[in-house]
Amino acid sequence: MLYESFSVALATGTFSKLSFYLLHYAVNILLFYFHAFVVLPVAASARRNIIWKLTLLTIFEIALFLAFKFGTDHFIALLYPQMSRNQIILDQKFIAGGIWRSVYFILLASGYYYLRYYIKERDNIELLKKRAYEEALKAKESLIELNNARNAFLRAQINPHFLFNTLNFIYSSIHKTNPSAAKTLSLLAKIMRYALESGNGPGLTVLEDELGPAKLLLDLWKIRQEDENTEIILDIDDESKRAKFVPLVILTLLENMLKHGNLSDAQHPGMLKIRVKASQIMVMSKNLINTGLNDSGYHTGLQNVRQRLFLTYGKEAVMRQYVKENYFIVQITSPLR
């Protein structure tokens, strides 16, 4: 605008009124943005018909520009009577000048549109590259984590036969002299065998298979506590028993209740409840909070449960732990598979 204004002023030796420039350039600017934000996007929306569509729309906007320019010139003549209306006629010269002027701004608008399109596409490509890099990095981290988990699992399985043979030897040595200790050892061996076998099997296990070791864990705990009462209710219906779930999660929740909960009150027993509803497995553990001072390693097993749920179900599994009315509650919801 400045370039043209000074060029015309140098050619004619005088400047026109400011309103004259504003009105004329308002029409030019409208044409510029109309072509860049309306005509080109509409034409580009259907690539098969882009040529004839762009041609028709360009002819329409040139005709519209001529009409606006003609009206603007008459409006300027009303504002400045010294300009003769007879000079503003829709003749060949006016049309040719208007077409040249419109094509000039249409070309500028086209350059502007494709420059914006190029910048947008470049930014999209950069974003896609960044996301691809992040995904590759996550995949690499997941692979490293998987390998570490496999190595840890292999280390945990070093010669389990030697372990169980040793436990059997100890059991044979003490079952006559100390039946209580022998029973404890037998329960412990069964639980450990289940833990090793479930970790070596498929990703999910039938919940009913985990109830046996869960009851063994309760029996083992009662032997250790001797005269103290342990009140825990296992509330699992038949449909839930047939469902498949991540192994050892139930045992971990039960062990967490035994270790940290107050289970000696028969009026307020601990509870482990499992239900299947609407293609989901819902697990809830609930126990009174233990007010004792010894609370080392508090709920670290729950962190392990949360991680294993995430590795199996991703974000589809939800785990909440909270305190309500002196009860510690854990709720798990996961998809039924």
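The values are calculated or read from the model by the stated rules, or taken from the named source; none is laboratory data. These numbers come from a predicted model, not from an experiment. As a convention, Cβ positions derive from the backbone with ideal geometry for all residues, glycine included, and neighbour counts pool all protein chains shown. Surface accessibility is based on the protein's heavy atoms, side chains included, excluding ligands, DNA and RNA. Shrake-Rupley method; radii C 1.70, N 1.55, O 1.52, S 1.80 Å.
Suppose R0 equals 51 Å. What FRET efficiency, 1/(1 + (r/R0)^6) with r the Cβ-Cβ distance, do Leu30 and Tyr133 give to the nearest 0.05? Between Leu30 and Tyr133 the formula returns 0.70.
When each of the peptides 21-27, 166-172, 137-143, 283-289 is scored by how many other beta carbons lie within 10 Å of its residues on average, the order from highest to lowest is 283-289, 21-27, 166-172, 137-143. Local charge for Leu54 was computed over the other residues whose Cβ lies under 14 Å away, with Lys and Arg +1 and Asp and Glu -1, and equals +2. Rolling a 1.4 angstrom probe over the chain with all protein chains present gives an accessible area of which 60% lies on carbon and sulfur atoms. When you filter the chymotrypsin sites (Phe, Trp or Tyr not before Pro) in region 254-337 for DSSP loop state and at most 15 other Cβ atoms inside 10 Å of their Cβ, you are left with Tyr298. Cβ-Cβ distance of Leu107 and Ile289, R₀ of 51 Å, FRET efficiency by 1/(1 + (r/R0)^6): the value works out to about 0.10. Using the rule -39500 (n - 2.57) for each DSSP H run of four or more residues, divided by the residues of the chain, the 222 nm mean residue ellipticity is -21500 deg cm²/dmol.
Structure remark: mean-square fluctuation, Gaussian network model of the chain, C-alpha springs under 10 Å; the largest value among Gln303, Gln92, Gln280 belongs to Gln92. Rolling a 1.4 Å probe across the protein heavy atoms gives the chain an accessible surface of 66 Å² per residue.
Taking packing as the residue-averaged number of other Cβ atoms within 10 angstrom, the listed peptides 314-321, 241-248 run from highest to lowest as 241-248, 314-321. How charged is the neighbourhood of Asp209? Take every other residue with its Cβ under 14 Å from the Cβ of Asp209, and add Lys/Arg as +1 and Asp/Glu as -1. Around Asp209, the surrounding residues sum to +3.
Against the main long axis of the alpha-carbon atoms of the chain, helix 179-199 sits at an angle near 30°. Within the listed set Ile62, Ile233, Ile144, the residue fluctuating most in the Gaussian network model of the chain (springs between alpha-carbon atoms under 10 angstrom) is Ile62.
Counting Lys and Arg as +1 and Asp and Glu as -1 over every other residue whose Cβ lies under 14 Å from the Cβ of Glu145, the net charge comes to +3.
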